[in-house]
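Down below is the structure, laid out as structure tokens.
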Amino acid sequence: MRKKKKMYAVDAEGNVSQKEIPDKRSSEGGTKWQGLEYSSIGFYLTIPFVLGIGGGIAFDRWFGTSQGVLIGILLGAVASFYNLWKLVKESK
Amino acid sequence: MLHISIKAEPILTLGEFHITNSLLTVSIVLLLTFFLGLYYYRQMHAPKKSGLFYLIDFAVSSLYTLMKSVLGDKTPAFFPVLGAMFFFILFQNWFGLVPGVGSILVKVMEHGEETFVPLLRGGTADLNTALMLGLFAFAFIQYNGIKYLGFFEYMKKFFNFRDPISFFSGILELVGEFSKIISFAFRLFGNIFAGEVLLAVIAFLVPVLATFPFLMLEVFVGMIQALVFSMLTAVFISTATAKHH
């Protein structure tokens, strides 16, 4: 049998003790704060796009091509909408 | 004239290393926080406790309850780091509002000419601090994801060769993971820096009393940003350590 991993646990009173790591299927916290992720929706939508464009420009510079930016923009747009879709799907 | 600089300015140069005004503020706040923590620890075992002890105790236990609603059973393991993160950001934000921070100027030599720069600058009003916190939160999330699920189980989320669609969505997931760092860093920096600029502009336009409501607003914003940062890290950890289907 595999040795159980231990963790240092702290409770609300500030007492530190050694406990076993809870099981993976142990109770999850509520999803009340899940909506907080919406606060970064602006970043989620724009950053993949910017990364795609930047990556495309860098690709073109290095390899002397000219289609890299276009593909970068396309990939960035797909990644942006994937992020949005995932956010909506997870919060349901 | 109004002095606004988007980057922290060096006030002292040691060889190649520039000591910026925000680095100085971060160090001061860190030291004060350390002594506050030491005070709290001493008071914990004292027979008669002071009012400040109960104030800190109230803040810590409220934060603990909040974290518990997100992390559930795993709260005891993550609270030390997330709580420290919360208080670090909170004190950095609030220290930037103390009178004197940003208004005490020192003379420095820059490119051969003398200029005046603020001696202190709010810690989180420097993008470097915010980016460091973002990188740390990101590393912490990844580390715990790997620790709780195992390396291969965790990496399955990003590199999945079962079918082309999940392979492609794994790549997109990877991009989304990296956008977390930037969103963490820029949200914090943007909010706090915007607050400092707002206060400076209002104080420039109306010298007396007009800044007061905005100062109260900034105290509130500083707390909300610290809370958002730590709670969002908690939410990400709780999704990263949960079993992926």
- Subset of region B:55-72 that is β-branched (Val, Ile, Thr) and more than 24 Å from A:Gly35 (Cβ to Cβ) - its residue that is nearest to the other protein chains (Cβ to nearest Cβ): B:Val60
- Message: Name the single residue that is farthest from B:Thr211 (Cα to Cα) among those in region B:172-196 being surrounded by fewer than 16 Cβ atoms within 10 Å (Cβ to Cβ) and more than 8 Å from chain A (Cβ to nearest Cβ).
- Response: B:Leu174
- Lone unmet requirement of (1) in contact with a Phe, Trp or Tyr (Cβ under 9 Å, 6 or more places away or on another chain); (2) modelled with pLDDT of 90 or more; (3) surrounded by fewer than 17 Cβ atoms within 10 Å (Cβ to Cβ) for B:Val106: (2)
- Among B:Lys147, B:Lys243, the single one that is surrounded by fewer than 19 Cβ atoms within 10 Å (Cβ to Cβ), within 14 Å of chain A (Cβ to nearest Cβ), closer than 19 Å to B:Leu82 by Cα and at pLDDT below 90 is B:Lys147
- Note on the structure: Within region A:39-92, the residues that are among the β-branched types (Val, Ile, Thr) and not in a helix (DSSP H, G or I) are A:Thr65
- Note on the structure: So, first residue free of Cβ contacts under 8 Å to residues at least 24 places away in the same chain and assigned to a helix (DSSP H, G or I) in region B:188-216, second residue aliphatic (A, V, I, L, M) and loosely packed, with under 14 Cβ neighbours inside 10 Å, Cβ within less than 7 Å, six or more apart or across chains; the pairs are B:Ile202/B:Ala210
- Query: Regarding A:Gly42, is this residue facing another protein chain (nearest Cβ under 10 Å) and touching a Gly at 6+ places or on another chain (Cβ under 6 Å)?
  - Reply: no
- Task: Please identify the pairs in which a residue from region B:140-169 that is within 19 Å of B:Thr233 (Cα to Cα) and touching a residue at least 60 places away in the same chain (Cβ under 8 Å) has its Cβ atom under 7 Å from the Cβ atom of a residue that is among the acidic types (Asp, Glu) and assigned to a helix (DSSP H, G or I), counting only partners at least 6 apart or on another chain.
- Result: B:Lys157/B:Glu173
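The values are calculated or read from the model by the stated rules, or taken from the named source; none is laboratory data. It should be emphasised that the depicted structure is a prediction, and the values quoted were computed from it without experimental measurement. In this analysis, Cβ positions are derived from the backbone assuming ideal geometry, glycine residues included, and neighbour counts consider all displayed protein chains.
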